[in-house]
Amino acid sequence: MLIVRELAPTLLGVALLALLATAVLAIYRVPHRWAPVLAILRGAAQLAVISVVLSGVITSPLWVSLALLVMFVVAAVTATRRVGWSAEHAAMMGSAMAIGVGVTAIVVFTTGAIELSARYALAIGGIVIGNSMSIATLAGRRFTEAVDDHWDEVEGWLALGATPRESTLHQARTAVYSALIPSVDQTKTTGLVTLPGAFVGAIFGGVSPLEAGRFQVVVLAAIMCAGAITAVIVAAWLAPVKVRPGALR
């Protein structure tokens, strides 16, 4: 009963925010207006489960590795679905994200930028995997949209003898840049416009502002590195286009 009382204000606030978002979308007649509410419900349920699970495994390297593997698989599947499900797209997203996240983790922990421990691996790994998923999705979708919008230009290059990869090189490079814009803007405005969750959480957990800032800088750099590698691999994988892409689902 005590837990219910403690959670009541939180539940009320979240419910009002979710309903307000839905009402605004409904008034403007936006399709899928219930998506924010469903996303919040799903996120809350998943966080409740993961909070219970992590309380017992956060110090175990084996269980942390398993948790990171589950996070990665879910992220890769989600990114694949966003660009259109197929075995090739699944291999593309899985490979791109694995290389981006793997290279970044190696640099972070071998240089000693962050201590290699189960809790830090889980914290940084989860953040980098999540951001790599978003960047991979944006890169794939932006490339497909750009090629579709500029198909006459692509056909012109093909007619002049350019290879499929050469004919879409500009669209691929633009897609990578577009996919990185949210992360670049977030990084540029950190401390001025936004206070990242990892930074605030570390301070609330008793860590000094200086140490929290050091951790956050490493996180931001890791996101940029993993995102850049992931986006380039996705765009390069998709670049050889011979047929005009269909509409995105």
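Derivation of every value follows stated rules applied to the coordinates shown; laboratory data play no part. Bear in mind that the values here come from a model prediction, so they are computed numbers and not experimental data. A quick note on method: Cβ atoms are made from the backbone with ideal geometry, for glycine too, and the neighbour counts reach across all protein chains shown.
With only alpha-carbon pairs counted, each pair once and no self-pairs, how large is the Kirkwood hydrodynamic radius of the stretch 58-238 in angstroms?
Evaluated over the stretch 58-238, this radius sits at 17.4 Å.
Would you please state the base-10 log of I(q)/I(0) at q = 0.17 1/Å for the stretch 87-133, with intensities from the Debye formula using one equal scatterer on every alpha carbon?
With one equal scatterer per Cα and no solvent, log10 I(q)/I(0) is -0.51.
Please list 3J(HN,Hα) in residue order for the stretch 98-107, calculated via the Karplus relation 6.51 cos²θ - 1.76 cosθ + 1.60 where θ = phi - 60°; whole Hz, with x for glycine and proline.
Values per residue, Gly and Pro as x: 4, 5, x, 5, x, 4, 4, 4, 4, 5 Hz.
What length, rounded to one decimal in nm, is gained on full extension from V200 through to Y28, with 0.36 nm per residue of separation minus their alpha-carbon distance? Please list the in-between numbers first.
Values: separation 172, 0.36 × 172 = 61.92 nm, distance 3.43 nm.
Contour length minus the Cα-Cα distance gives 58.5 nm.
Sort H32, H170 so the one with the fewest other Cβ atoms within 10 Å of its own Cβ comes first.
H32, H170
Determine, from the Cβ-Cβ distance of V73 and K188 and an R0 of 41 Å, the FRET efficiency 1/(1 + (r/R0)^6), rounded to the nearest 0.05. Show your work: numbers first, answer last.
Values: r = 32 Å, r/R0 = 0.77.
About 0.85, to the nearest 0.05.
With the dipole of the chain worked out from charges on the C-beta (+1 for Lys and Arg, -1 for Asp and Glu) around the Cα centre, which of W34, M92, S117 lies farthest toward the positive end?
It is W34.
Could you size up the charge dipole of the chain around its Cα centre, putting +1 on the beta carbon of Lys and Arg and -1 on that of Asp and Glu, and report it in debye to the nearest 20? Could you put the intermediate results ahead of the total?
Numbers: 16 positive and 12 negative charges, 95 e Å.
The dipole of the chain has a size of about 460 debye.
So, R0 is 22 Å and r is the distance between the beta-carbons of S117 and R214; what FRET efficiency does that work out to, to 0.05?
0.90
Using the count of nearby Cβ atoms within 10 Å as a rough guide to exposure, how do I181, I27, I124 rank from fewest to most?
I27, I181, I124
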